[in-house]
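Please read the structure below before turning to the comments.
The values are calculated or read from the model by the stated rules, or taken from the named source; none is laboratory data. These numbers were taken from a predicted model, which means no experiment stands behind them. Methodologically, a virtual Cβ is constructed for each residue, glycine included, from the backbone with ideal geometry; neighbour enumeration extends over all protein chains shown. Surface areas here come from the heavy atoms of the whole protein model, side chains and all, with no ligands, DNA or RNA. Shrake-Rupley method; radii C 1.70, N 1.55, O 1.52, S 1.80 Å.
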Amino acid sequence: MSNLKNWKELTPGAVIEEAGNAAEYVTGGWRTYRPVLDEEKCIHCLTCWISCPDTAVIVRDEKMTGFDYDHCKGCGVCADVCPKKVQAISMEQEGK
Amino acid sequence: MGQRVAMTGNIAVANAMRQINPDVCAAYPITPSTEIMQQFSSFVADGLVKTVLVPAESEHSAMSACIGAAGAGGRVMTATSSQGLALMWEMLFIAAGNRLPIVLAMANRALSAPINIHGDTSDAMGARDSGWIQIFSENAQEAYDNLIQAVRIAEHLDVRLPVMVGMDGFIISHSIESMELLEDEAVRDFVGEYIPNRPLLDIQNPRTYGPLDLQDYYIEHKRQEYEAMKNAKSVILEVARDFSDRFGREYGLFESYRLDDAEVAIVVLNSAAGTVKTVIDALRADGVKAGLLKPRIFRPFPADEIAAALSGVKAVCVMDRADGVNAVGGPLFPEFRSALYDSNPRPMMINKVFGLGGRDLGLHHVREVFAELQTIAETGKIETLAEYITVRN
Ligand code: SF4
Ligand code: SF4
């Protein structure tokens, strides 16, 4: 813990001065199943994107491009909401 | 110069709030402090203050609203008593941990059960380890003066901790006393303009309050809080000096009454100190060297100064108007006794729990305590370490 700030260097009351720095806190290690995208099947409806509780679906130019595995917790919501006729996301076990 | 007025403690406190003119006041009024908010809401309705009044649905919500408003960058005040303070309990720690300089006026009252609305300090003692600075007042004048000073103490950049200012419920909150009300301008000048530290409403610099703080940082932030509480001691004295320079009334960490050469002494908070002083004057006339230490500041606890003041006394009784129900004695006793542990000489010390639920402390009770202390001083023996008095046995 040697590179962490000591008590004299911290802002009082644990106030965080930097906006949005929760992104630096990597939580993807909790995951036991990972979502995997089949780009061939995806119709870019973005239902997975609005449903992901961790904003871990990456969208560029209105196209679903994959997952932010640093923050995806593997809940499977995205796979579940992907339209039944499409099923572009499969959940695969981590470590396999 | 100020104005001589006859006021209850509650109305005096409401007037201090009017003169301080806080940005936000969120409250859920409760006996015996109800009158503070009742009077203050009239001041708001009459346009005498610019305060945004938030009538909350509970004290937990009232303190939560105070925390939000203080985090946003406002000067914030509230008032409560007893169950109200108890219901705020969770949020008290959050106000202190977030280092928000909220000022709370407290008319001290017993806690249920059994239900009782009268004065004792059980409510304040339940909050003594919450990170709030605690100031106690003997009478309406002190409650008024202390509340005004509390704003400066809380907001000092070396402190930034919330402050609660107590007075005895009913005995002081509802009794009319003659006191001096300072001029509005003089109070406004004394408290000064509030400069918030890292406010949420500074939208150019977005920031987060209340984040998760785990094993890697929590203890560092607690260490900061401890430092702020240590700093408070000198800030309290500095603010008191400025107050006495401007207005002539002297305040310290505690009041010593005829204590310098005392052989027997009582330690007691709030209004009971007045009763003890009356007995001391009579005893002194009979040649008994009796004295009083009336704590003004209980948090931070001025252990070194207390030890210096009481070290030469032969026998001391710490009187608690609250019981810790630890089967030993009241909450002041272990702290005062511990403060004197390393002193040489060291007084013999006993504890009396008295006056719970507003039970009167009579002059004869105090005389009996002093008589017992004289016996202890003479014989060097303590018969009873701690016990209830003012109770039917
Ligand atoms: S598995 Fe859950 S957290 Fe991960 S991308 Fe899908 S919805 Fe988001
Ligand atoms: S829900 Fe399925 S189809 Fe729609 S964008 Fe996401 S992966 Fe593609």
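Below are the figures for this structure:
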item: Accessible area buried between chains A and B, both sides summed, probe 1.4 Å, in Å² to nearest 100; result: 1600
item: Distance in nm between pseudo-label sites at residue B:42 and residue A:92 (7 Å out along the Cβ direction from Cα); result: 7.6
item: For the range B:56-126: rounded, prolate or oblate by the Cα gyration tensor [a/c cutoff 1.5]; result: prolate
item: Per-residue SASA entry for residue B:237, accessible area with 1.4 Å probe, Å² rounded to 10; result: 60
item: Inter-part distance where the range B:78-146 and the range B:268-343 are each reduced to a Cα centre, Å; result: 21
item: Which of A:55, A:47 is most accessible, then next, and so on - probe 1.4 Å; result: A:55, A:47
item: Binned Cα-Cα distance frequencies in the protein assembly as shown - 20 Å width, integer %; result: 21, 44, 22, 10, 2, 0
item: Shielding by partners, peptide A:5-12 (average Cβ within 10 angstrom, other chains); result: 6
item: Additional length obtainable on full extension of the chain from residue B:52 to residue B:360, 0.36 nm per residue less Cα span; result: 107.0 nm
item: R0 of 30 Å, Cβ-Cβ distance residue A:23-residue B:195: FRET efficiency to nearest 0.05; result: 0.45
item: Entries of B:233/B:277; B:289/B:381; B:294/B:381 with Cα pairs more than 23 Å apart; result: B:233/B:277; B:294/B:381
item: Distance histogram for chain A (every C-alpha pair counted, 5 angstrom bins, percent rounded to whole numbers); result: 2, 12, 20, 19, 14, 9, 7, 7, 6, 3, 1, 0
item: All-pairs Cα distance distribution in chain B, expressed in whole percent, bin size 10 Å; result: 5, 24, 33, 24, 11, 3, 0, 0
item: Label-point gap, in nm, between residue B:260 and residue A:3 - each point 7 angstrom along Cα→Cβ; result: 6.2
item: Shape category assigned to the range B:254-388 from the gyration tensor of Cα positions, a/c cut at 1.5; result: rounded
item: Helix-only [θ]222 nm of the protein assembly as shown, DSSP H runs n ≥ 4, -39500 (n - 2.57) each, per residue, nearest 500; result: -11000 deg cm²/dmol
item: Theoretical gain in end-to-end length, residue B:391 to residue B:208 [0.36 nm per residue, Cα-Cα removed]; result: 60.7 nm
item: Sulfur and carbon atoms: percent of accessible area, chain B [1.4 Å]; result: 52
item: DSSP bridge pairs, the protein assembly as shown: antiparallel proportion in percent, nearest 5; result: 35
